[in-house]
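Pasting in a structure now, in structure tokens, and then I'll have a few things to ask.
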Amino acid sequence: MKISENVTKAINDQIKAEMWSSNLYLSMSVHFAQVGYNGFAHWLKKQSLEEMEHAYDMMDYLLKRGGEVKIEAIDAVPQKFGSVLEVFQQVYEHECKVTEMIEAVVRAASEAGDMASQDFFWKYIREQVEEEATAAEIVETIRLSQEQNLIFIDHQLARR
């Protein structure tokens with residue numbers, strides 16, 4: 001079954017969102033590198049690479065299904081950030097938003113009767129459970145430390 005226009009559009013929208021997410025995490029990574037938190041920078045750079053890998057995976061999938069991949073302009077990401085806690089709260093909130101966007105792709109596929117696309121994107125829904133939990137755990141660790149032990153947390157995240 002050829003992939004529908006609706007599902008193709010939803011996937012292209014998600015590809016664009018993954019690329020924007022990659023840029024967001026890269027910008028956060030650069031911010032932390034510039035202020036000497038190399039562990040936070042490392043963790044966020046890994047996140048950035050992972051988001052771009054998702055975009056590539058989705059592009060490959062869409063091509064295999066005969067859909068048209070559209071590489072569109074990506075909006076600028078923030079360049080200025082607040083405290084470590086504020087940044088990781090943003091990470092958590094962003095991961096929750098990504099979950100909602102992926103769920104929308106699955107819904108579009110379901111409405112189109114496209115089981116292959118539903119199956120493909122369920123792996124991302126399962127992954128988002130882990131992403132949200134990891135971000136929430138980091139936020140809570142930072143909050144509990146009351147920003148007193150950020151160097152310790154920074155070193156932990158460098159091991160990713």
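The values are calculated or read from the model by the stated rules, or taken from the named source; none is laboratory data. Please read all numbers here as calculations on a predicted model, not as lab measurements. When we count neighbours, we look across all protein chains shown, and the Cβ atoms used for this are built from the backbone with ideal geometry, even at glycine.
Could you look through region 81-112, keep only residues that are outside any helix (DSSP H, G or I) and in contact (Cβ under 8 Å) with a residue 40 or more places away in the chain, and pick out the one that is nearest to Ala133 (Cα to Cα)?
Residues of region 81-112 that are outside any helix (DSSP H, G or I), as a first pass: 81-83, 112.
Cutting the leftovers down to in contact (Cβ under 8 Å) with a residue 40 or more places away in the chain gives us 81, 83, 112.
Details: Phe81: 22, Ser83: 20, Ala112: 31 Å.
Top of the filtered list is Ser83.
I'm trying to understand the selection: among the residues of region 67-86, which are more than 30 Å from Tyr37 (Cα to Cα) and within 18 Å of the chain's Cα centre (by Cα)?
Ile71, Glu72, Ala73
Which of (1) among the small types (Gly, Ala, Ser); (2) surrounded by fewer than 19 Cβ atoms within 10 Å (Cβ to Cβ); (3) modelled with pLDDT of 95 or more; (4) under 25 Å from Ile153 (Cα atoms) does Gly36 not meet, given it meets every other one?
(3) is the only condition that Gly36 fails.
Out of Glu18, Glu50, report the one residue that is crowded, with 20+ Cβ neighbours inside 10 Å, of a type in the set (Asp, Glu), out of contact with any strand residue (DSSP E or B) (no Cβ under 7 Å at 6 or more places or on another chain) and part of a helix (DSSP H, G or I).
Details: Glu50 fails: crowded, with 20+ Cβ neighbours inside 10 Å.
Answer to the selection: Glu18.
A further question follows. Taking region 104-127 as the search range and keeping residues that are among the acidic types (Asp, Glu) and loosely packed, with under 14 Cβ neighbours inside 10 Å, which one is farthest from Ala17 (Cα to Cα)?
Glu111
Residue under question is Ala33, and the condition is that it be of a type in the set (A, V, I, L, M), assigned to a helix (DSSP H, G or I) and without any contact (Cβ under 8 Å) to a residue 24 or more places away in the chain; does it hold?
Working: of a type in the set (A, V, I, L, M): yes; assigned to a helix (DSSP H, G or I): yes; without any contact (Cβ under 8 Å) to a residue 24 or more places away in the chain: yes.
Against the criterion (of a type in the set (A, V, I, L, M), assigned to a helix (DSSP H, G or I) and without any contact (Cβ under 8 Å) to a residue 24 or more places away in the chain), Ala33 qualifies.
This table checks each residue for (1) in a helix (DSSP H, G or I); (2) aliphatic (A, V, I, L, M).
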| residue | (1), (2) |
| --- | --- |
| Asn6 | yes, no |
| Ile11 | yes, yes |
| Gln14 | yes, no |
| Met28 | yes, yes |
| His42 | yes, no |
| Ala55 | yes, yes |
| Ala73 | no, yes |
| Pro78 | no, no |
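Determine, yes or no, whether Thr134 is closer than 30 Å to Asn6 by Cα, of a type in the set (Val, Ile, Thr) and buried (at least 16 other Cβ atoms within 10 Å of the Cβ). So that I can check it myself, show each step before the final result.
Working: closer than 30 Å to Asn6 by Cα: no; of a type in the set (Val, Ile, Thr): yes; buried (at least 16 other Cβ atoms within 10 Å of the Cβ): yes.
Here the answer is no, as Thr134 does not meet what is asked.
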